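Engineer: Before we start, here is the structure in question, set down as structure tokens.
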Amino acid sequence: MKKLLMIALFAIVAVGASAQKNITVWWGGNIADVGGDIKADAAFKALNIGVAYTAPITDEFDWSAGLSYATKGCENWDPGFLQIEGNGAWNFVNNGDAKVGIFTGPYLAFMVAKDEDALGALEANSFDFGWQGGLTAGWKFLAFKLGYEYGFCNIIKDVDSKSGDFFIRVGVRF
């Protein structure tokens, strides 16, 4: 799994290396929760890393595509997902070095680290699809994202169990 993630990160960086400040490598954390019939507390998950490519549509609008490894779940359950996301952003501040905006878009996630021991007799679903949105900001070479994502699929098979998490990301733009 680590080799696959490193190859994907290298490929994305290599493709966009000539684009100024379009590639962002980031680290983040989230407060993950599973809603529905699951009775578990939310928990902080600090293993979230990724890379994103962002390009302008106009001066006010950007689009981005990203690939990440994200830990989701709830207290005492830490499944890991390879996540692909696409977002559109409206930048209500854009003065060259600084950008502030709101973003939204879908994500697809594939479970690559199951953590089955924490589930007992329950079985995890290996696929999630959902929507995310929030605030994005950039200043010179730094990038920040604060948002929420909600999964439309049950994360545990045969149980009403939608994932959701508040996340924060800090990155470096190249």
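Engineer: Could you do me a favour and compute the accessible area per residue for the chain, 1.4 Å probe, result in Å²? Before the final figure, lay out the partial values.
Structural biologist: On the way: 9180 Å² over 174 residues.
Accessible area per residue, the chain: 53 Å².
Engineer: For the chain, what % of the accessible area comes from carbon and sulfur atoms, probe 1.4 Å? List each step's numbers first, then the result.
Structural biologist: Working: 6100 of 9180 Å².
Answer for the chain is 67 percent, counting heavy atoms of protein chains only.
Engineer: Additional query: Using alpha-carbon pairs under 8 Å, 6+ residues apart, how would you state the relative contact order of region 107-156 in percent?
Structural biologist: Reported as a whole number, the value is 37 percent.
Engineer: In whole Å and largest first, what semi-axes does the C-alpha gyration tensor of the chain yield when each eigenvalue is scaled by 5 and square-rooted? Don't skip to the answer; put the middle values down first.
Structural biologist: Numbers: eigenvalues 181, 57, 32 Å².
Semi-axis lengths for the chain are 30, 17, 13 Å.
Engineer: Still on this model: Select from Phe44, Phe81, Phe92 the residue whose mean-square fluctuation is largest in a Gaussian network model of the chain (Cα-Cα springs shorter than 10 Å).
Structural biologist: Sorting by GNM fluctuation, first place goes to Phe92.
Engineer: Quote the relative contact order of region 43-93 in percent (integer), defining contacts as alpha-carbon pairs under 8 Å separated by 6+ residues.
Structural biologist: On the way: 90 pairs, mean separation 17.9, N = 51.
Rounded, it is 35 percent for region 43-93.
Engineer: Along the Cα→Cβ direction, 7 angstrom out, place labels at Val170 and Glu116. What is the inter-label distance in nm?
Structural biologist: Distance between label points: 3.7 nm.
Engineer: Taking the highest mean first, how do the peptides 138-145, 29-36 order by number of other beta carbon atoms within 10 angstrom per residue?
Structural biologist: Numbers: 138-145: 16.2, 29-36: 19.4.
Highest to lowest by the protection proxy: 29-36, 138-145.
Engineer: Using only alpha carbon pairs under 8 Å that are at least six residues apart, calculate the relative contact order of the chain and give it in whole percent.
Structural biologist: Normalised by residue count, the contact order of the chain is 22 percent.
The values are calculated or read from the model by the stated rules, or taken from the named source; none is laboratory data. Note that the coordinates shown come from a computational prediction; the quantities given were computed from them, not determined experimentally. Glycine also receives a Cβ, built like all others from the backbone with ideal geometry; neighbour counts cover every protein chain displayed. Each accessible area value is taken on the protein alone, full model and side chains, heavy atoms only, with ligands, DNA and RNA left out. Shrake-Rupley method; radii C 1.70, N 1.55, O 1.52, S 1.80 Å.
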